[in-house]
Structures are given as structure tokens and as C-alpha cells.
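> The structure's right below; bear with me while I get my questions together.
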């Protein structure tokens, strides 16, 4: 049975799930959800995710929401298919994948997401970007990226010398960040830059990047 993924290809959370599905070469149907018409807040969608956010994954009678939970499920279900995104054969490596996936969720994404919103979503909605919000989160992101630079000076990827969910979780939001003036924050850190060039060149990401556009240039 083909998976159904409800979301939008411009959404960082939807594309996080899409990249994981492509990494595992899993067939899926992308079912568009018109968030601009608040379709995600209507009863049909709320029956799938009562919190009213995309994406949602359906695998037969199983319905999942939260993009990181979806990627963890896909990586576990297809763990024997390369790449092993969760390092299921090595408990220490698996633990490090979880650590750095948590870092992305609790430190990286909270700094990057407001920057993306101000540069992309606000203009899309006819608003001016709030420079104070951008500046505040740039400072937060600098702290995070300094940690990443130190970590990536000793390993090729965040959890070790292997690509994992920890890296995959960063791809969508960093793609948008790199289209803003804040791209210099990545480019000025040699190990972070090399890491980004590596993870953004993977075929799975290339399959989704074409849909990641708000129709704007920055």
C-alpha cells in the first residue's frame, strides 16, 4: 500500500518527511493541503491531526503527525534499506543520532524558523520583515553554529562519520536560510559549509527542492 503524505512541498516539515521517504525509496502520494485557505484547521484534516498542522502520514490504518516522528517511523520501518538513518545496529551511534536530532529540534530550528518566517512567509502575506526578530534569532543561531563548527571539525556529520536523521532534519530549513542574507553564517564556517554542501547534494533532497519556493528572491 502506498503511503499518503498530507502537506505542501514548500513546507519545511513536509519536505523533511519527503526527503526521508525518498532516502528509503518508499513510494508515497503527496496529498496537497491548502493551508492558505485554512484547510488544515477544518474537521476533515483535524480528524487526522487534532492540532491542525502539516504534515500527516497515513500508512494503512496508521496515522502519524509531527515530521520528526514520521521520519523516525520511516527510518525504523525500513531500517534494513540503506542508508541506515538511525544506526540501529550500534546502540552508541543510535544514541548520538537521537542527541543531534534533539539538538536540531530544540536549538537549531527555533532560531532558524523565525528568520525563515520573516524573509519568506511575512512578504508572502504582504508584510514587511521584522528586523528585530531577525537580529534576535541571528544571535541565537550564531551560538548554535559555533557548536556545530566545533563538532564537525572532528566528524563528517553531526552524529559521526555517517549520514543520519540528525543531518536530514536540518536540510529543509537550511535550504531556505541559504536564500537569505544569513547564508553568510553558514559560508563563513568551513566545516559547517562543507557539511551543508554534502547533505544538500543528496539525490533525495534534489527530488523535492524544486517545489520549495515562495516565488521570491532575496
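None of the figures in this text is laboratory data; all of them are computed from the coordinates on show. Note that this is a predicted model, so its numbers are computed, not measured. Ideal geometry is used to build each Cβ from the backbone, glycine not excepted, and the neighbour counts take in all protein chains shown.
> Do you know the relative contact order of the chain, to the nearest whole percent, from alpha carbon pairs under 8 angstrom that are 6+ apart?
Numbers: 285 pairs, mean separation 50.5, N = 218.
Relative contact order, the chain: 23 percent.
> Please report 185, 18, 1 as a ranked list, fewest other C-beta atoms within 10 angstrom at the top and most at the bottom. Intermediate values should be presented prior to the final figure.
Working: 185 20, 18 27, 1 8.
The order, fewest Cβ neighbours first, is 1, 185, 18.
> With runs of 4+ DSSP H residues as the only contributors, calculate the mean residue ellipticity of the chain at 222 nm using -39,500 (n - 2.57) per run, divided by the residue total and rounded to the nearest 500.
Working: 11 runs with 100 residues, N = 218.
Per the formula, -13000 deg cm²/dmol.
> Only residues of the range 152-173 count here: report those whose backbone N is under 19 Å from the spot 7 Å along Cα→Cβ of residue 187, or say none.
173
> Let me ask another. Order of 166-174, 88-96 by packing, highest average Cβ count within 10 Å first?
Working: 166-174: 24.4, 88-96: 13.4.
With the highest mean Cβ count within 10 Å placed first, the list reads 166-174, 88-96.
> Translational diffusion coefficient of the range 3-77 at 25 °C, 0.890 mPa s, Stokes-Einstein with Kirkwood Rh over Cα pairs, in µm²/s as a whole number. Working shown, then result.
Working: Rh = 12.1 Å.
Answer, rounded: 202 µm²/s.
> Moving on. How big is the antiparallel share of DSSP beta bridges in the range 3-77, given as a percent to the nearest 5?
Working: 7 of 12 bridges.
Bridges in the range 3-77 that DSSP calls antiparallel: roughly 60 percent.
> Okay, next question. On the first, second and third principal axes, largest extent first, how far apart are the outermost C-alpha atoms of the range 91-207 in Å?
47, 31, 24
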